[in-house]
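Worksheet: the structure to be examined is printed underneath.
Just so it is clear, none of the values below were taken in a lab; they were calculated from the coordinates. Computed from a predicted structure; not experimentally measured. Glycine also receives a Cβ, built like all others from the backbone with ideal geometry; neighbour counts cover every protein chain displayed.
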Amino acid sequence: MSTAQWNLDPSHSELRFKVKHLGISSVSGSFEVISGSLSSTDDTFKQATISFHADAASINTNNADRDNHLKSADFFDTENFATLAFEAKDVDLTKGKIRGLLTIRGNSIPVDLEVDFEGVAKDPWGNEKAGFSVSAKIKRSEFGLTWNTALETGGLLVGDDVKITGEAQFVKNA
């Protein structure tokens, strides 16, 4: 049984996040530089292995000052931890789950992703593509992202819960 190799198509993929600000609204952002690979013995991806990486310095919240703060040692510390990574350990698309290790700031924590397998299709140039939508909720404090400020009215400036969403389109190697 041969194993097919697939690579993430970054122009048709995205990694986004959302976190509470002041406890009353959310700030959204994304990582603009992402890569990944997938290998599977068939197009159902039941026995797939998946690896995904994001360049931490490519964070974008549409606010340069905030982005620079997020790159600093207060948050992602991109000088010392250039990459966020996810390595799948257990893929079960029949249940819509991918379990794996998410690594941020050198801290690797098991995370369950909710996944929708969107299917396989050929593009107009004959490339075989597979699409997935993923989501997860993590606590940033578990990864060493603990910077915060107490508010005069109570509560904290930045929420601990982070909602992650992604769209991943992989292209099969010829």
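For the reader, a short list of remarks on this structure follows.
- Here segment 20-87 is treated as an ellipsoid with the same Cα gyration tensor; its semi-axes, largest first and in whole Å, are 30, 15, 10.
- For the chain, convex hull of alpha carbons as volume per residue, Å³: 127 Å³
- Hydrodynamic radius (Kirkwood) for segment 52-141, which is based on Cα pairs only, to one decimal in Å: 15.1 Å
- Cross-link reach is defined here as a Cα-Cα straight distance under 12 Å, omitting same-chain residues fewer than 8 places apart; for residue 71 the aspartates and glutamates meeting it are 55, 79.
- Per-residue extension of 0.36 nm, minus the Cα-Cα distance of residue 73 and residue 120, leaves a gain of 12.8 nm for this segment.
- Projected label points at residue 160 and residue 174, each 7 Å from Cα along the beta carbon direction, are separated by 5.2 nanometres.
- Summing Lys and Arg as +1 and Asp and Glu as -1 over all other residues whose Cβ lies under 9 Å from the Cβ of residue 92 gives a net charge of +3.
- Placing a label point 7 Å from the Cα of residue 141 along the Cα-to-Cβ line, the residues of segment 157-174 whose backbone N sits under 17 Å from it are 157-163.
- Mean residue ellipticity, 222 nm, helices only, the chain: the sum of -39500 (n - 2.57) across DSSP H runs of n ≥ 4, divided by residue count and rounded to 500, is -1000 deg cm²/dmol.
- Averaging the Cα positions of each part gives two centres, and for segment 5-50 and segment 54-112 these lie 10 Å apart.
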